[in-house]
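Student: Got a structure for you, written out below as structure tokens; questions coming shortly.
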Amino acid sequence: MRAMKQVIVAVDGSEPSLKGARLALEYAKPFGAKVTLVYVVPPVVLPGDAPWAPLDELHQSELARGQKVLAGVVEALGSPAVSCVVKLGPPAELVAEQAEVMGADLVVVGSRGLGAVKRLLVGSVADRLVHICQRPVLVVH
Amino acid sequence: MKTILVAVDGSERSLQGVRMAVDVAKGLGARLTLVYVLKPILLPPTAYAEAIQKVEEGNRLVAEDALNAGAKLVKDLGLPCETVMLHGGPAEAIADLAEDDNVWGVVIGAKGHNAVSRVMLGSIADRLVHVCKKPVLVVR
């Protein structure tokens, strides 16, 4: 059997992403693989006519919010031994990048997150991720 | 015992999917079923019935070869495996089969035979991710 060492899960606190995380834990267990939860905070969009904005502060508070979301996810999962990463920027791109950096053997993503339009079967982040990620991607419905 | 479906089309990339599926099946204690989907033949209605029969027969042989090659690989890696041949639209046929309660999910190569080299994700894998209700593992 090939060594399965690192599994990455893209989470956003939504129910499908929790389902993905649970599946990833179940999957990683027999392999003794490490599980890393990645939450990407979408970039802050400000109106174009905002004369001045404390962008640094906004980013810091968004990243802090991300940490809280992740803490909530870890608690919802029953606090297993997982590591967490928070990033700010375009979600699919940053998850794919993190997968490369960590040499992930598997990337797990829920088919729909928080931002999904109801009638879409697959969310935009999951869709984009299966297109750009160079590592195996498991889409959980 | 849960079953993992593996889509094969005889391409080297789909065999890569088979290898990963074997790892997953061993980890989860699941069994594998290899699936090949025969697409409907697009021939003009005026074509001779005999010609259509010949094409169908040829396609069936290709399908059998692909399934046998995949099954041999699975057995070499130490797992039993079943094979299924389906008819219809590939993504839809696989998604329908995956609705069975015993199915854990589907493993598919990111690109198969027909992929243009500059696309990152084949049309069938892309469609499957959209229409399948069970987890889909896209392998690269």
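Each value in this text was obtained by applying a stated rule to the coordinates, not by laboratory testing. This is a predicted model, so every value here is computed, not measured. Glycine gets a Cβ as well: all are built from the backbone with ideal geometry, and neighbour counts include every protein chain shown.
Student: Under the definition of partner shielding as Cβ atoms of other protein chains within 10 Å of a residue Cβ, what is the mean value for peptide B:126-136?
Tutor: On the way: counts 4, 0, 2, 11, 9, 2, 5, 3, 3, 10, 9.
For peptide B:126-136, the averaged partner shielding equals 5.
Student: May I have the count of lysine pairs in the range A:12-141 with C-alpha atoms under 25 Å apart, counting pairs 8 or more residues apart or located on different chains? Don't jump to the answer; show the numbers that get you there.
Tutor: On the way: A:K19/A:K29; A:K19/A:K34; A:K19/A:K68; A:K19/A:K87; A:K19/A:K118; A:K34/A:K68; A:K34/A:K87; A:K68/A:K87.
The result is 8.
Student: While we're looking at this one, here's another question. Amide H neighbours of A:V9 under 5 Å, counting only residues 5+ apart in sequence or on other chains, H built in-plane at 1.01 Å?
Tutor: A:T36, A:L37, A:V38, A:V108
Student: Please figure out what share of the DSSP beta bridges in chain B is antiparallel and state it in percent, rounded to the nearest 5. Don't jump to the answer; show the numbers that get you there.
Tutor: Details: 0 of 20 bridges.
Just about 0 percent of them are antiparallel.
Student: When only alpha-carbon atoms are used, what values of Rg and Dmax, in angstrom, describe the protein assembly as shown?
Tutor: 20.9, 75
Student: When the dipole is taken about the Cα centre of the protein assembly as shown, and only Lys, Arg (+1) and Asp, Glu (-1) are charged at their Cβ, what size is it in debye, to the nearest 20? Please report the intermediate quantities before stating the final value.
Tutor: Numbers: 30 positive and 29 negative charges, 94 e Å.
The calculation lands at about 460 debye.
Student: Given the C-alpha centroids of the range B:1-23 and the range A:1-63, what is the distance between them in whole angstrom?
Tutor: 28 Å
Student: In vacuo Debye scattering of chain A, one point per C-alpha: log10 I(q)/I(0) at q = 0.12, 0.16 Å⁻¹?
Tutor: Per q value, in the given order, log10 I(q)/I(0) is -0.47, -0.81.
Student: Let me ask something else. Can you tell me the mean projection area, over all orientations, of the convex hull of the range B:3-139's alpha carbons? Units nm², please. If you can, show how the numbers build up before the last one.
Tutor: On the way: hull surface 34.2 nm².
For the range B:3-139, averaging the hull's shadow over all directions gives 8.6 nm².
Student: Excluding residues fewer than 8 places away in the same chain, name every one of the lysines whose C-alpha is closer than 22 Å to that of B:K75.
Tutor: Excluding near neighbours in sequence, the set is B:K2, B:K26.
Student: Evaluate the relative contact order of chain A (contact order divided by residue number), counting alpha-carbon pairs under 8 angstrom at least 6 apart; express in whole percent.
Tutor: Working: 247 pairs, mean separation 46.8, N = 141.
In percent, rounded to a whole number, it is 33.
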